Amino acid sequence: MGRFAIRYGDHVTRARRDGRPVVALESTIISHGLPRPDNLRVAREIEQTVRDNGAVPATIGMLGGELIVGLEDAQIEQLAGADGVAKLSVRDLALGAATRADGATTVAATSAVAAAAGIKVFATGGLGGVHREANTTFDESADLTTLSRTPIVVVCAGVKSILDVGATLERLETLGVAVAGYGTRRFPGFFVTDGGFDVDWQLDTPEQVAATIAARDDHGAGAGALVLGNPLPVGEQLDTELHDRTLAEGLRLLSQHGVSGKAVTPFLLSHFHSSTEGKSLEVNVRIILRNAALAARIAAAATPAHASLGFSLPQ
Ligand code: PSU
Ligand code: MN
């Protein structure tokens, strides 16, 4: 083991030893995506939802430079409450480790670390993507390029309409990232059920998703991720008029305040949460919990039956 080995939480070590299903969870939604104090409560609810659906949660993050797969509750509390927690994309991991940083991992970083740890399923809210005006700013999330070389399933509600959804889907195609809708052929738009674009594939059961993982692994022909878009039921989406109004205002404030780079996503998310009187937060939480539940069921379906019973076959 090197000086910078990944550290595993005890619950994840036990799950790996017993071959139980594990679901990776990101920490940037806790530190930068959701407002305090709700963020801590939600982080705990996500973990509990994974457990309730038959898998072990592994929230990933960095404390004191140590990369941890399976943060303990007190460590999650630390990332949720501390000021100055870094937003770590995949390129930042080694820099954070070397400088003993506290940091939360994005979809890109979480996917890369989870795959390195042999975890096959990851639940989040929304993916990063191509920003509006990326033709001049070149602002495209490293989530996309990382997923092109990372064998994992990301259960998400698509991308937020704060991004250029069409361009994001085009880039996912170019990068060789598989995209499917769960129970739908429309790509979800996070707060809203329908993101405005079709996808080529529809998967309807956790078993079908597990079979997709198995086929990719067995073929050995391509290491890209599968992005599984899990839309909110129409009745549960954010009111579309409120959504459109809040988005337009957020984009205007963005350019007014000259916000750019990695601050853009947190800025827009916080604008949504502060200007919809908690409505967007409520919808956001529902999205994440639904994705966590589905990811747990996929992880269970992807785990051999003898292992999910908690014991191993004799060698
Ligand atoms: N989209 C959301 N909520 C989030 C994020 C994205 O709906 O919290 C976070 C994720 O961690 C994602 C990151 O990986 O923002 C993307 O940031 P950027 O656009 O700077 O790559
Ligand atoms: Mn960016």
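The values are calculated or read from the model by the stated rules, or taken from the named source; none is laboratory data. Note that the coordinates shown come from a computational prediction; the quantities given were computed from them, not determined experimentally. When we count neighbours, we look across all protein chains shown, and the Cβ atoms used for this are built from the backbone with ideal geometry, even at glycine.
Residue 61 meets the conditions (1) over 21 Å from residue 120 (Cα atoms); (2) not in a helix (DSSP H, G or I) in every case but one. The failed one is (1).
For segment 90-101, which residues satisfy the criterion of being closer than 23 Å to residue 126 by Cα, touching a strand residue (DSSP E or B) at 6+ places or on another chain (Cβ under 8 Å) and touching a residue at least 24 places away in the same chain (Cβ under 8 Å)?
If the condition is that a residue be closer than 23 Å to residue 126 by Cα, touching a strand residue (DSSP E or B) at 6+ places or on another chain (Cβ under 8 Å) and touching a residue at least 24 places away in the same chain (Cβ under 8 Å), then 93 is the only one that fits.
Residues considered: 254, 247, 232. Of these, the only one that is on the phi < 0 side of the Ramachandran plot and not in a helix (DSSP H, G or I) is 232. Do you know which residues across segment 35-64 are closer than 21 Å to residue 3 by Cα and in contact with a strand residue (DSSP E or B) (Cβ under 9 Å, 6 or more places away or on another chain)? 60, 61, 62, 63 - these are the residues of segment 35-64 that are closer than 21 Å to residue 3 by Cα and in contact with a strand residue (DSSP E or B) (Cβ under 9 Å, 6 or more places away or on another chain).
Checking the structure you have, find out if any residue of segment 251-259 is out of contact with any Phe, Trp or Tyr (no Cβ under 6 Å at 6 or more places or on another chain), hydroxyl-bearing (Ser, Thr, Tyr) and within 16 Å of ligand 2 (Cβ to nearest atom).
Within segment 251-259, the first condition is being out of contact with any Phe, Trp or Tyr (no Cβ under 6 Å at 6 or more places or on another chain), and the residues that meet it are 251-258.
Next cut, hydroxyl-bearing (Ser, Thr, Tyr) only: 255.
With the extra rule that they be within 16 Å of ligand 2 (Cβ to nearest atom), the set shrinks to 255.
Yes, segment 251-259 contains at least one residue that is out of contact with any Phe, Trp or Tyr (no Cβ under 6 Å at 6 or more places or on another chain), hydroxyl-bearing (Ser, Thr, Tyr) and within 16 Å of ligand 2 (Cβ to nearest atom).
Among residues of segment 116-141 that are within 11 Å of ligand 1 (Cβ to nearest atom) and at pLDDT 95 or above, those with a beta-carbon under 7 Å from a residue that is basic (Lys, Arg) and part of a loop (DSSP other than H, G, I, E, B) at least six positions away or on a different chain give the pairs 126/160. Just so you know, in segment 42-53 the residues that are of a type outside the set (S, T, N, Q) and surrounded by fewer than 18 Cβ atoms within 10 Å (Cβ to Cβ) include one that is nearest to residue 115 (Cα to Cα), and it is 51. Counting only helices (runs of 4 or more DSSP H) that sit completely within segment 76-190, those holding 2 or more residues that are of a type outside the set (A, V, I, L, M, F, W, C) correspond to 107-116, 134-137, 142-147, 165-174. Taking residues in segment 155-168 that are free of Cβ contacts under 8 Å to residues at least 60 places away in the same chain, and partners anywhere that are surrounded by 24 or more Cβ atoms within 10 Å (Cβ to Cβ) and part of a helix (DSSP H, G or I), the pairs with Cβ atoms closer than 7 Å and at least 6 places apart or on different chains are 159/168. The set of residues in segment 268-299 being surrounded by fewer than 19 Cβ atoms within 10 Å (Cβ to Cβ), modelled with pLDDT under 95 and under 15 Å from residue 30 (Cα atoms) consists of 270 alone. Every residue in segment 260-276 that is within 11 Å of ligand 2 (Cβ to nearest atom), assigned to a helix (DSSP H, G or I) and among the polar types (S, T, N, Q), please. Within segment 260-276, 265 is the sole residue that qualifies.
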